[in-house]
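Just so it is clear, none of the values below were taken in a lab; they were calculated from the coordinates. Everything numeric in this text was worked out from a predicted model, so none of it was measured. Reconstructed Cβ throughout: ideal geometry from the backbone, glycine too, with neighbour counts over all protein chains shown.
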Amino acid sequence: MTKRQRVRKAIIVGMFFLFPITITWLSPVIPLLHAGIFGRLTGAGIIFILQFLTALFFGRAFCGFVCSAGGLQECMMCVSDKKIKNTKINALKYMIWLPWLLTTIVFFILAGGINEIDFFAGAYDGWIFLFAPYRYMIYFGVILLIASLHLFVGKRAFCHSVCWMAPFMIMGMKVSDLLRLPRLRLKSNRDSCNGCKLCSKKCPMSLDVKVMVETANMKNSECILCGECVDICPKKSIAYAFRIKS
């Protein structure tokens, strides 16, 4: 394992252990409720906006380096690294995200717009181990969902099928390409590839990286820029690049 991967995994697994606290700012429920009742933009809403904005320049690196749910799934790799074969599940997250987003927007409109911004709204009673023991049921329910999808569907299945945050970053990437902004990407050299398939085997998102290299098309909305393929390639055929869409 390279130094970069050791650091990355230490960060993302550490974020998983902080999940009892950070769940407040990753929750889709708190911003929805506060939008409808108070017209309040909460910390989670701010985080979702920042995910969109950072994706303009860094794609889905959040998913690969700092996501708490991703940290749990990194740990689950020790139990199962089964690849996802059915890519149709990728569409499911949009079926969750779009109605939720539209409902939140309608709630803000009915409340007369954004009346206040409170990053810590809902935070203290959301820290499950402090003030609201009943939230343990919610917390462990989320953990069970993430773990079950990983075990029975495939590695990082939660990211592919259920995650309500991924679409914010994917939309950010699409806007970035439309505006031709420089963004962190993967680049490949198909001439140096020896076809060993280590990149595809190592990819936590079950992408066929070998085919991506062979076709010189490294663009994939499900890529989380974790760099596993970059670091495992014996021929250095894959690398990071910060550039405008070619």
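Table for the structure above
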| read-out | value |
| --- | --- |
| Cross-link pairs beyond the 27 Å C-alpha cut-off, checked among LYS3/LYS93; LYS3/LYS236; LYS93/LYS235; LYS3/LYS174; LYS85/LYS174; LYS88/LYS236 | LYS3/LYS93; LYS93/LYS235; LYS3/LYS174; LYS88/LYS236 |
| Taking LEU41, LEU32 and counting other C-beta atoms within 10 Å, the order from fewest to most | LEU32, LEU41 |
| Calculated FRET efficiency for the pair ASP191/VAL29, C-beta based, R₀ 51 Å, to 0.05 | 0.55 |
| Extension gain (nm, one decimal) between ILE37 and ILE138, 0.36 nm per residue minus Cα-Cα | 34.2 nm |
| Least to most buried among SER148, SER161 (fewest other Cβ within 10 Å first) | SER148, SER161 |
| Relative contact order %, the chain, counting alpha carbon pairs below 8 Å whose residues are six or more apart | 26 percent |
| The range 172-246-the range 1-23 distance, computed between alpha-carbon centres (Å) | 22 Å |
| Sites LYS83 and LEU53 - FRET efficiency at Förster radius 41 Å, r taken between beta-carbons, to 0.05 | 0.80 |
| Label-to-label distance, nm, for residues given as ASP118 and LEU92 (7 Å Cα→Cβ offset) | 3.5 nm |
